[in-house]
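These notes are about the structure you will find just below.
Readers should treat all values here as calculations from the given coordinates under stated rules, not as data from a laboratory. Since we're looking at a predicted model, the values are computed, not measured. Cβ coordinates were reconstructed from backbone atoms using ideal geometry, including for glycine residues, and neighbour counts include every protein chain displayed.
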Amino acid sequence: MRQAAVSRNTLETQIAVTLNLDGSGHSRFQTGVPFLEHMLDQVARHGLIDLDIAAVGDLHIDAHHTVEDIGITLGQAFARAIGDKKGIRRYGHAYVPLDEALSRVVIDLSGRPGLVYNVEYSRAAIGQFDVDLFSEFFHGFVNHAMVTLHIDNLRGVNAHHQAETIFKAFGRALRMAVEVDERMAGATPSTKGTLTA
């Protein structure tokens, strides 16, 4: 089973992430950031990833450190769980609509971190959540998961819908990329023979 448990402790946050890439979409969160939890639940359910995240952060300042560090720790756990990447599809993509909103996410488990993030939210906050923090989350994830990730919100006027389509598509793209391809017969899907750099 492709599983990992990672903890990250700093003066700003204490984060613990457990994930199972071959799960059933079960999730449990205790982060103090409810809207982020709602989005991460989309990743778990649509990615069929079991995901348990506990976080204690300096929320009395704002949610920035907590959200970014959850992205970092989730990326570290993902990198550990995916292992040598032999036999996987490597690439994943998804288009997801929600009413008027539509987003596209494309991922490459390349071993090289990179994020292209084209999202213009219709407002600066969803409830108490600052939408700028989503970029920080995804930067933290790609830099530590060592993946290339393209995120495009193609349309949308409701910021909640925009965010939800992004995270659902992210889960779906992850699910495709980590899937074992029987035709690969355990080979590394790269002409270099490695996906570690």
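Details
- Residue check for PHE29: hydrophobic (A, V, I, L, M, F, W, C), out of contact with any Phe, Trp or Tyr (no Cβ under 7 Å at 6 or more places or on another chain) and buried (at least 16 other Cβ atoms within 10 Å of the Cβ): yes
- LEU149 meets the conditions (1) in a strand (DSSP E or B); (2) more than 15 Å from PHE78 (Cα to Cα); (3) not basic (Lys, Arg) in every case but one. The failed one is (2).
- Within the range 140-184, the set of residues being surrounded by fewer than 24 Cβ atoms within 10 Å (Cβ to Cβ), farther than 13 Å from VAL105 by Cβ and not hydrophobic (A, V, I, L, M, F, W, C) comprises GLY140, ASN143, HIS144, ARG155, ASN158, HIS160, HIS161, GLU179, ASP181, GLU182, ARG183.
- Wholly enclosed strands (runs of 3 or more DSSP E) of the range 1-114 bearing at least 3 residues among the hydrophobic types (A, V, I, L, M, F, W, C): 3-9, 13-20, 50-57, 91-98, 101-108
- Long-range neighbours under 7 Å by Cβ, at least six apart or interchain, first residue at positive phi within the range 85-96, second of a type in the set (A, V, I, L, M) and part of a strand (DSSP E or B): GLY87/VAL180
Condition check ((1) charged (D, E, K, R); (2) farther than 29 Å from ALA159 by Cβ; (3) buried (at least 17 other Cβ atoms within 10 Å of the Cβ)) across all residues:
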residue	(1), (2), (3)
ALA4	no, yes, yes
THR13	no, no, yes
HIS46	no, no, yes
VAL56	no, no, no
PHE78	no, no, yes
GLY87	no, yes, yes
VAL96	no, no, yes
